[in-house]
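*Asks:* Here you go, one structure.
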Amino acid sequence: MHILVCVKQVALPGASGSRINRYDEYALEEALLIKERMPGTTVHAVSVGSQRVEAVIRRAMELGADTGIQLSFEPDEEQTPYQVASLIASYARAARYDMIIAGVMAEDDLQMQTGPMIAALLDYPYASAVIAQEIRPDNTVYVERECDARQRQCVELELPCVITVQSGINRPRYPSLSNILRAKQQEILRPSVPGGNMPAARETVTRTFQPEIKPKGVFLGGTPREKAARLLGILHEKSFL
Amino acid sequence: MKDCIVVIAQHAHGRTDPVTYESLACAWALCGGDESRIRVMVAGDPGQAVARELAAATGFTVTAVENDGLGDYNADAYLRALGPILAGMAPGYVIMPHTCFGYDLAPALAVRLGAACITAAEAARMNGGKAVFVRTASGGKLSTEVVPETDIVVLTNQPGAWKPLDNKMGTGGTVETVRSDAGPVRSRTVGFKQPEYRGNALAESSVVVAAGRGIGTRENLALIDDIARLFPRSAVGCSRAVCDAGWLGYAHQVGMTGATVSPKLYIAIGISGAVQHVAGIRDAQTVIAINNDPAARIFARADYGIVEDLTRFIPVLIEEYNKRYGTPQEA
Ligand SMILES: Cc1cc2nc3c(=O)[nH]c(=O)nc-3n(C[C@H](O)[C@H](O)[C@H](O)COP(=O)(O)OP(=O)(O)OC[C@H]3O[C@@H](n4cnc5c(N)ncnc54)[C@H](O)[C@@H]3O)c2cc1C
Ligand SMILES: Nc1ncnc2c1ncn2[C@@H]1O[C@H](COP(=O)(O)O)[C@@H](O)[C@H]1O
């Protein structure tokens with residue numbers, strides 16, 4: 001199996017620095033589990049963005065990706081899922097992966113678009129929000145998609161395909177010392193993408209604002225002790241205590 | 001003629017999923033008073049029955065898309081069946097709910113149609129004849145306004161954001177059937193599965209005390225238990241993040257992909273209030289949130305908000321309780 005894992009670097013407001021998108025840790029771990037079961041499997045990790053995404057590619061290599069790939073995109077502040085998917089699909093078309101694994105969602109933009117878009121661009125079958133997966137000898141993959149109300153949809157896909165993974169599908173590992181050392185030295189590949197003109201964005205963010213968060217009711221005020229006393233009073237009034 | 005607005009119905013077991021009426025309300029908001037622009041489309045089995053139900057309930061023209069390969073929803077089959085029909089219609093909008101159906105299908109459909117893709121829309125407004133959509137981003141911290149730059153827009157509406165549309169046309173609508181020739185499909189749905197969870201204390205309890213990633217460590221679950229023990233009939237719930245960390249089993253997860261609860265009292269502790277979580281507590285009566293971030297979205301759902309570090313606040317709360325009532329009885 002030749003597997004491509006999509007990893008995004010996210011910087012969340014209030015957090016210090018940036019890190020790998022959590023859902024992509026699950027995506028990468030799922031690829032590494034396949035590699036353990038199927039000797040000869042290669043796992044490539046790709047990230048789209050400017051120089052800054054090197055950190056997340058190195059992280060993927062520390063965790064066990066054999067090769068790290070950066071697809072440059074500048075300026076990269078406002079890349080839309082369609083633009084990212086276009087770049088990844090143009091690269092992957094020539095590289096012929098058996099399976100492309102992305103996270104179900106990026107924790108920053110919450111779009112849930114990139115994986116299915118890569119599939120559509122490559123004309124591969126796909127499934128999103130995958131919570132269990134098994135590659136079968138007949139070149140198909142059986143997946144369980146997590147649906148609403150705890151239901152799972154069971155789907156068979158022909159390879160090559162794209163899946164996006166849901167959190168909890170596995171327990172991501174910690175980097176090993178040997179992979180940490182390797183990641184430091186190994187070069188990141190920066191292929192030029194064939195057919196490489198970046199398509200224009202199909203939607204534009206025109207305003208970003210802090211939504212007004214006012215509780216339906218009230219914020220309790222005072223010292224922690226006063227808040228505790230008020231809370232107990234409310235619980236008593238409402239007959240919970 | 002103005003571009004039509006197509007709503008793709010979500011359905012299961014021969015019935016329209018109620019969230020489809022929210023997509024219709026979104027379409028209604030975008031139709032500019034010309035509801036004849038709205039078309040409803042049903043794909044998969046049993047398309048005819050669902051189409052008749054929808055036509056009767058809404059008065060709109062409903063198209064049932066038939067194709068031998070279309071059984072239960074799966075992306076490849078739906079895409080191949082709907083793609084060419086929609087491309088031929090050149091609609092202004094294609095709308096479906098942001099559910100495991102809509103967020104699966106919409107992005108690929110947008111690629112097929114050369115359309116903009118706007119997911120999890122929470123509101124729409126017109127600005128000089130152009131639609132502007134509001135959605136959450138920045139990890140749930142900020143809202144954004146997004147405008148499409150293309151003639152066709154594929155849109156998913158966040159469940160709960162629009163009030164379901166009731167019959168606006170007043171009369172029963174018509175059903176038309178379109179056959180589609182999708183060609184070979186490379187994926188198929190082979191069934192559905194319900195994971196087994198022992199007991200359903202969550203669904204039955206009148207008080208649910210729920211932990212989020214904000215508890216920081218598994219050990220701090222003891223603090224959550226301390227609060228749960230104050231109430232005679234309570235259960236411990238949690239966010240998905242807590243299950244993913246392995247601190248509690250998935251049977252405790254509340255939300256879109258977990259349990260839906262409707263207790264008299266829900267106490268959310270160290271939970272940010274992601275839409276997927278809040279979807280599970282829509283029917284909770286009183287919600288109390290404890291979070292050290294005054295801008296956490298959970299406070300928009302809370303009747304009482306307490307901005308404190310939970311590790312410091314909960315011990316104080318228990319002390320105050322003990323002062324009033326004495327030490328709680330062990331259950
Ligand atoms: C398809 C899909 C389905 C999903 N389904 C569900 C679902 O069913 N249920 C669900 O819960 N999630 C679900 N999620 C995940 C959801 O998007 C969020 O990631 C998740 O709910 C976040 O959990 P959280 O609020 O505990 O963690 P976070 O978002 O990390 O929030 C932690 C909160 O704790 C606060 N905090 C930190 N330290 C302290 C402290 N010392 N004292 C007080 N407060 C503190 C922080 O301010 C923050 O608000 C789903 C996601 C996807 C993509
Ligand atoms: N810039 C990027 N580089 C690599 N992968 C990405 C990038 N953006 C998104 N992805 C992948 O697409 C998934 C879904 O992202 P999104 O559609 O933005 O919610 C992420 O979990 C990643 O796997």
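*Asks:* Taking θ = phi - 60°, what integer Hz values does the Karplus form 6.51 cos²θ - 1.76 cosθ + 1.60 yield along the range B:6-19, in sequence order, with x for Gly and Pro?
*Replies:* Running phi through 6.51 cos²θ - 1.76 cosθ + 1.60 with θ = phi - 60° gives 9, 9, 8, 6, 9, 8, 8, 6, x, 10, 5, 6, x, 5 Hz.
*Asks:* Would you grab the residues whose amide H sits under 5 Å from the one on B:G273? Only those 5+ places off in sequence or on another chain, please, with H modelled 1.01 Å from N.
*Replies:* Here the answer is B:I298, since their amide H atoms fall under 5 Å of that of B:G273.
*Asks:* I'd like the Karplus ³J(HN,Hα) series for the range B:77-82: coefficients 6.51, -1.76, 1.60, θ = phi - 60°, whole numbers in Hz, and an x wherever there's a Gly or Pro.
*Replies:* Values, residue by residue: 5, 5, 4, 5, 6, 7 Hz.
*Asks:* How high is the relative contact order of the range A:2-185, in percent, with contacts defined as C-alpha pairs under 8 Å that are six or more residues apart?
*Replies:* Worked out over the range A:2-185, it gives 25 percent.
*Asks:* I'd like the orientation of helix B:47-58 relative to chain B: the angle between its Cα long axis and the longest Cα principal axis, in ° from 0 to 90, rounded to 10.
*Replies:* Taking Cα atoms only, the helix is inclined about 80 degrees.
*Asks:* Let me ask something else. Using Cα pairs closer than 8 Å and at least 6 residues apart in sequence, work out the relative contact order for chain B, in percent.
*Replies:* 15
*Asks:* Considering only DSSP beta bridges whose two residues both sit in the protein assembly as shown, what percent are antiparallel, to the nearest 5?
*Replies:* DSSP beta bridges in the protein assembly as shown are roughly 35 percent antiparallel.
*Asks:* Still on this structure: Taking amide H positions as placed 1.01 Å from N in the peptide plane, with prolines and chain starts having none, which residues 5 or more places from B:I267, or on another chain, fall under 5 Å of its amide H?
*Replies:* B:V208, B:V209, B:A210, B:I288
*Asks:* Hey, with R₀ at 22 Å, roughly what FRET efficiency would B:Y197 and B:S262 work out to, going by the Cβ-Cβ distance, to 0.05?
*Replies:* 0.80
*Asks:* Still on this structure, please answer the following. Could you point to the residue in B:N322, B:T20, B:Q253 farthest towards the positive end of the protein assembly as shown's charge dipole, with +1 and -1 charges on the Cβ of Lys/Arg and Asp/Glu respectively?
*Replies:* Of the listed residues, the answer is B:N322.
*Asks:* Taking the Cα of A:R173, stepping 7 Å toward and past its beta carbon, and measuring to each backbone N in the range A:45-85: which are under 16 Å?
*Replies:* In the range A:45-85, the label zone of A:R173 (backbone N under 16 Å from the point 7 Å along Cα→Cβ) covers A:45, A:59-67.
*Asks:* Still on this structure, I have one more. I need the calculated FRET efficiency for the pair B:M169 and B:E149, taking r as the beta carbon distance and R₀ as 45 Å, to the nearest 0.05.
*Replies:* Rounded to the nearest 0.05, the efficiency is 0.90.
*Asks:* To continue, here is another question. Can you tally the net charge around B:I118? Count Lys and Arg as +1, Asp and Glu as -1, for every other residue whose Cβ sits under 15 Å from the Cβ of B:I118.
*Replies:* Cβ neighbours under 15 Å give a net charge of -2.
*Asks:* Of B:L30, B:A9, B:T58, which is farthest along the charge dipole of the range B:5-179 in the positive direction, counting Lys and Arg as +1 and Asp and Glu as -1 at C-beta?
*Replies:* B:L30
*Asks:* Using +1 on the beta carbon of Lys and Arg, -1 on that of Asp and Glu, and nothing else charged, what's the dipole of the range A:2-185 about the Cα centre, debye to 20?
*Replies:* In debye, rounded to 20, the range A:2-185 gives about 540.
*Asks:* With charges only on Cβ, +1 for K and R and -1 for D and E, what is the dipole size of the protein assembly as shown about its Cα centre, in debye, rounded to 20?
*Replies:* The dipole magnitude comes to about 880 debye.
*Asks:* Starting from the 7 Å offset along Cα-to-Cβ, what nm value, one decimal, do you get for the label separation of B:R15 and B:A90?
*Replies:* 4.1
*Asks:* Greater than 20 Å separation of Cα atoms is the criterion. Which listed pairs, A:K216/B:K163; B:K264/B:K323; A:K216/B:K264; B:K163/B:K193; A:K227/B:K323; A:K216/B:K141, meet it?
*Replies:* B:K264/B:K323; B:K163/B:K193
*Asks:* Also: Give me the percent relative contact order of the range B:5-179, please, defined on Cα pairs under 8 angstrom at least 6 residues apart.
*Replies:* With pairs under 8 Å counted, the relative contact order is 31 percent.
*Asks:* If r is the Cβ-Cβ distance from B:T177 to B:V132 and R0 is 35 Å, what FRET efficiency results, to the nearest 0.05?
*Replies:* That gives a FRET efficiency of 0.45.
*Asks:* Using +1 on the beta carbon of Lys and Arg, -1 on that of Asp and Glu, and nothing else charged, what's the dipole of the range B:202-325 about the Cα centre, debye to 20?
*Replies:* With Lys and Arg at +1 and Asp and Glu at -1, about 200 debye.
Coordinate-derived values only; no laboratory data. Computed from a prediction, not measured in an experiment: that's the story for all the values here. We place every Cβ from the backbone using ideal geometry, glycine too, and count neighbours over all the protein chains shown.
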